[in-house]
1. Out of Thr161, Thr188, I need the residue that is hydroxyl-bearing (Ser, Thr, Tyr), crowded, with 18+ Cβ neighbours inside 10 Å, at pLDDT below 95 and within 28 Å of Pro138 (Cα to Cα). Which one?
2. So which residues in region 131-157 are assigned to a helix (DSSP H, G or I), in contact (Cβ under 8 Å) with a residue 60 or more places away in the chain and of a type in the set (Gly, Ala, Ser), if there are any at all?
3. Any residue at all in region 207-225 that's out of contact with any strand residue (DSSP E or B) (no Cβ under 6 Å at 6 or more places or on another chain) and closer than 17 Å to Phe236 by Cα?
4. List every residue pair whose Cβ atoms sit under 9 Å apart, with the two residues 6 or more apart in sequence or on different chains, where the first one lies in region 237-249 and is over 21 Å from Ala151 (Cβ atoms) and the second, anywhere, is of a type outside the set (Val, Ile, Thr) and assigned to a loop (DSSP other than H, G, I, E, B).
5. Do we have Leu163 as under 22 Å from Ile9 (Cα atoms), assigned to a helix (DSSP H, G or I) and not hydroxyl-bearing (Ser, Thr, Tyr) here?
6. For region 119-129, enumerate the residues that are in contact with a strand residue (DSSP E or B) (Cβ under 7 Å, 6 or more places away or on another chain), farther than 13 Å from Ile197 by Cβ and assigned to a loop (DSSP other than H, G, I, E, B).
7. Within region 79-101, which residues are crowded, with 16+ Cβ neighbours inside 10 Å and either charged (D, E, K, R) or farther than 19 Å from Ser173 by Cα (or both)?
8. Residues in region 107-118: is at least one touching a residue at least 40 places away in the same chain (Cβ under 8 Å), closer than 19 Å to Glu213 by Cβ and either of a type in the set (Asp, Glu) or in contact with a strand residue (DSSP E or B) (Cβ under 8 Å, 6 or more places away or on another chain) (or both)?
Amino acid sequence: MNKKHLLFIPVYNCEKQIIRVIEKIIKSLIINNFEEIIVIDNNSTDNTFTVVRNIINEKKLVKFKLFQNKENYNLGGTHKTGFNYAIDNNFDYVTILHGDDQGDINNLENVFKNEKYKDYDCCLGSRFARDSKLVNYPKFRIYANYMINLAASIVSFKFLTDLGSGLNMFKVSFLKNKFYLNFPNGLTFNYCLMFYICDVNSKFFYFPILWREDDQVSNVKLFSHFFKWLDIMFKFVFTRKRLFQNKLLRDKEYVFKKFK
């Protein structure tokens, strides 16, 4: 029985990069694995929304659908809208590809080819796996990631080589209880997600990816981000319930609108 796959692309202020992302998807060998491709714009302040709408209309991309969040939910909140959509529309798998063109959709080719994904809850792209390739990635950020990956591996008792890249696939049945609604809407969403994956002993594997920095603008403020990461790690160790149960966030509505 064929599995129903959704490709979900969160975008925010990446009008130049999203053009390249869509072109790569159109030309990729694995586009036919996806029944539907949705782009969710997180209230960009540049022309990202218009650029995506024009490409879809001009190229008559019937698999593509464009959505826009009612308000800026940040990256984590946009993940929540995409996950909710996958659940509500009865998909079996949802793949997330960030719209800033740092990751490459073609890195999923081997994951699809051998159908390894069917035996796992999560297939996670790793920037720091053995066969991964980093282009123009600052060395200090590489070493910083090595350190937080090591710390997370120690406290979770799992071997972790990445705590959140921009290319991941999830089995929708793993997401159905919507545990992710408890997590922060900001850039630390993936840290909480990774710790949860470890905590519940879900089956996951890493696959190597190409990751590049060219004309992208990072939204990460390193020092404040680092302290947020420390807070999440200490909560995981000492007050895990507070990390995975947040009624205020869980009850928040994530509203988005579809555009033709």
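1. Going through Thr161, Thr188 in turn, just one is hydroxyl-bearing (Ser, Thr, Tyr), crowded, with 18+ Cβ neighbours inside 10 Å, at pLDDT below 95 and within 28 Å of Pro138 (Cα to Cα): Thr188.
2. Ala144, Ala151, Ala152, Ser156, listed by residue number.
3. Checked region 207-225: at least one residue is out of contact with any strand residue (DSSP E or B) (no Cβ under 6 Å at 6 or more places or on another chain) and closer than 17 Å to Phe236 by Cα.
4. Asn246/Phe183; Asn246/Pro184; Leu249/Phe183; Leu249/Pro184; Leu249/Asn185
5. Numbers: under 22 Å from Ile9 (Cα atoms): yes; assigned to a helix (DSSP H, G or I): no; not hydroxyl-bearing (Ser, Thr, Tyr): yes.
It is false that Leu163 is under 22 Å from Ile9 (Cα atoms), assigned to a helix (DSSP H, G or I) and not hydroxyl-bearing (Ser, Thr, Tyr).
6. Arg127, Ala129
7. Lys80, Asp92, Leu97, His98, Gly99, Asp100, Asp101, listed by residue number.
8. Step one: filter region 107-118 for residues touching a residue at least 40 places away in the same chain (Cβ under 8 Å), giving 107-112, 116-118.
If we keep only those that are closer than 19 Å to Glu213 by Cβ too, we end up with 107.
Retained after the next criterion (residues that are either of a type in the set (Asp, Glu) or in contact with a strand residue (DSSP E or B) (Cβ under 8 Å, 6 or more places away or on another chain) (or both)): 107.
Yes, region 107-118 contains at least one residue that is touching a residue at least 40 places away in the same chain (Cβ under 8 Å), closer than 19 Å to Glu213 by Cβ and either of a type in the set (Asp, Glu) or in contact with a strand residue (DSSP E or B) (Cβ under 8 Å, 6 or more places away or on another chain) (or both).
The values are calculated or read from the model by the stated rules, or taken from the named source; none is laboratory data. Given the structure is predicted, the values throughout are model-derived calculations rather than measurements. Neighbour counts run over all protein chains shown; Cβ positions are idealised from the backbone, glycine included.
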